[in-house]
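Asker: Got a structure here, written out as structure tokens. Questions coming.
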Amino acid sequence: MNFTNLLPLPLSQAPDPKDPLEYLSASRLKTFHTCRLQWYFRYIEQIPTTTSPALLVGKVVHAVLQAWNLARWRGGDSSREGMELAFAENWTRHCEEEGMVWNSPEEESKERESALNTLRHYLTHTPIPQEEKPEAVEVRVERDLDAHGLPPLLGIIDLVRAGGKIVDFKTSARSPDAGMATHQNEIQLACYALLYREATGATESGFELHHLVKTKEPKLVVTPMAPMQPDQIRRLVRIMESYVQGIEREDYVPSPGLHCSYCDYYTQCRKWRGGTQS
Ligand code: SF4
């Protein structure tokens, strides 16, 4: 890829253009408001990225928890032994699909052991009773936002517990602070609230963030949250409006900060010289 191709282009000239305003999603909103140039590289340029060990672990753990929730939902095998088999299958499959290249067999073995221990810890200490039947698992929901002059919102909710409690699973390297976790995940959870209300006609009873912490001794931190309040929904709608306006202006400027340490596009970003919309 040459330098010119790394500059933000008018949408009409972008490679493999997909309409960036076809729909809204929590991850698109969050990425855009973290750094517009990162959003551009991901969703317009669609620059391929490599999967880090931490991301792989997150994907595998998420897939096994999905299998666990689906098994409880459908009355299948949700036993610990069944989940350990699901873990083995998912580890192999995700390593192949993501084209993982390990520095050494020891590195893979260490990450695999850490992921499995974190999962075992969760299944032992989860507040969700084995016999509790979920209300929904990995449901894809769409909400029309035409009344707000916005594209539709799309999303997939990990789990809705009995009684309308929305659960989202996270893997992290350290224990989260409850207030900060609530703040940092507000866009995503407010999107889920809109989607849940659309799908059921009811208001969610609350939220739980389940952080699976991959420390040497794994931990589980559950952060409960109340239902979304009207002012939080108004904040979300304003964030959506700002997103749409920014894309319509093709306003893709970098926002350097702490988040750059985790950005996949640092090299491309350093080559950006202010090329923008016109
Ligand atoms: S390195 Fe930082 S400023 Fe550059 S695109 Fe990534 S997040 Fe944005």
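Throughout, read-outs are computed from the coordinates displayed, never taken from laboratory work. Keep in mind it's a predicted model, so treat the numbers as computed, not measured. Every residue, glycine as well, gets a Cβ built from its backbone with ideal geometry; the counts of neighbours run over all protein chains shown.
Asker: Among residues belonging to the range 122-174 that are under 22 Å from the mean Cα position of the chain (by Cα) and assigned to a helix (DSSP H, G or I), point out the one that is farthest from residue 236 (Cα to Cα).
Answerer: Ranking the candidates gives 123 first.
Asker: Look through 217, 208 and report the one residue that is farther than 25 Å from residue 151 by Cβ, of a type outside the set (Phe, Trp, Tyr), within 20 Å of the chain's Cα centre (by Cα) and more than 15 Å from the ligand (Cβ to nearest atom). Step through it out loud before you land on a result.
Answerer: Values: 217 fails: within 20 Å of the chain's Cα centre (by Cα).
From the options 217, 208, the qualifying one is 208.
Asker: Filter the range 175-196 down to residues that are part of a helix (DSSP H, G or I) and free of Cβ contacts under 8 Å to residues at least 40 places away in the same chain and give me whichever is farthest from the chain's Cα centre (by Cα).
Answerer: If we take residues in the range 175-196 being part of a helix (DSSP H, G or I) and free of Cβ contacts under 8 Å to residues at least 40 places away in the same chain, then 179 is farthest from the chain's Cα centre (by Cα).
Asker: Any chance you could count how many residues in the range 83-100 are touching a residue at least 12 places away in the same chain (Cβ under 8 Å) and over 23 Å from the mean Cα position of the chain (by Cα)?
Answerer: Quick first cut of the range 83-100, residues touching a residue at least 12 places away in the same chain (Cβ under 8 Å) only: 83-84, 86-87, 90-91, 94-95, 98-100.
Right, trim to over 23 Å from the mean Cα position of the chain (by Cα) and you get 84.
So the count comes out to 1.
Asker: Just need a number here: residues in the range 158-212 that are surrounded by fewer than 16 Cβ atoms within 10 Å (Cβ to Cβ), over 25 Å from residue 32 (Cβ atoms) and of a type in the set (Asp, Glu).
Answerer: Residues that pass the stated criteria total 0.
Asker: Of everything in the range 237-278 that's in contact with a Leu (Cβ under 7 Å, 6 or more places away or on another chain) and near the ligand (Cβ under 8 Å from one of its atoms), which residue is nearest to residue 146 (Cα to Cα)?
Answerer: 254
Asker: Given the structure, is residue 114 over 23 Å from the mean Cα position of the chain (by Cα) and at negative phi? Step through it out loud before you land on a result.
Answerer: On the way: over 23 Å from the mean Cα position of the chain (by Cα): no; at negative phi: yes.
It is false that residue 114 is over 23 Å from the mean Cα position of the chain (by Cα) and at negative phi.
Asker: State yes or no: is residue 211 of a type outside the set (Ser, Thr, Tyr), in contact (Cβ under 8 Å) with a residue 40 or more places away in the chain and over 30 Å from residue 113 (Cβ atoms)?
Answerer: Values: of a type outside the set (Ser, Thr, Tyr): yes; in contact (Cβ under 8 Å) with a residue 40 or more places away in the chain: yes; over 30 Å from residue 113 (Cβ atoms): no.
Here the answer is no, as residue 211 does not meet what is asked.
Asker: Oh, and also: Which condition breaks for residue 94 when tested against (1) out of contact with any Lys or Arg (no Cβ under 8 Å at 6 or more places or on another chain); (2) under 24 Å from residue 50 (Cβ atoms); (3) surrounded by 12 or more Cβ atoms within 10 Å (Cβ to Cβ)?
Answerer: All conditions pass for residue 94, except number (1).
Asker: Does residue 242 count as part of a helix (DSSP H, G or I) and among the small types (Gly, Ala, Ser)?
Answerer: Details: part of a helix (DSSP H, G or I): yes; among the small types (Gly, Ala, Ser): yes.
So residue 242 fits the description; yes.
Asker: Within the range 219-239, take every residue that is β-branched (Val, Ile, Thr) and part of a strand (DSSP E or B) and give me the one that is surrounded by the most Cβ atoms within 10 Å (Cβ to Cβ). Even if it seems obvious, please write down each step before you answer.
Answerer: Filtering the range 219-239 for residues β-branched (Val, Ile, Thr) gives 221-223, 233, 237, 239.
Narrowing the set further to residues that are part of a strand (DSSP E or B) leaves 221-223.
Numbers: 221: 17, 222: 14, 223: 19.
Filtering the range 219-239 for residues that are β-branched (Val, Ile, Thr) and part of a strand (DSSP E or B), the one surrounded by the most Cβ atoms within 10 Å (Cβ to Cβ) comes out as 223.
Asker: Right, residue 126: surrounded by 15 or more Cβ atoms within 10 Å (Cβ to Cβ) and among the polar types (S, T, N, Q) or not? Break it down stepwise before answering.
Answerer: On the way: surrounded by 15 or more Cβ atoms within 10 Å (Cβ to Cβ): yes; among the polar types (S, T, N, Q): yes.
Yes: the conditions hold for residue 126.
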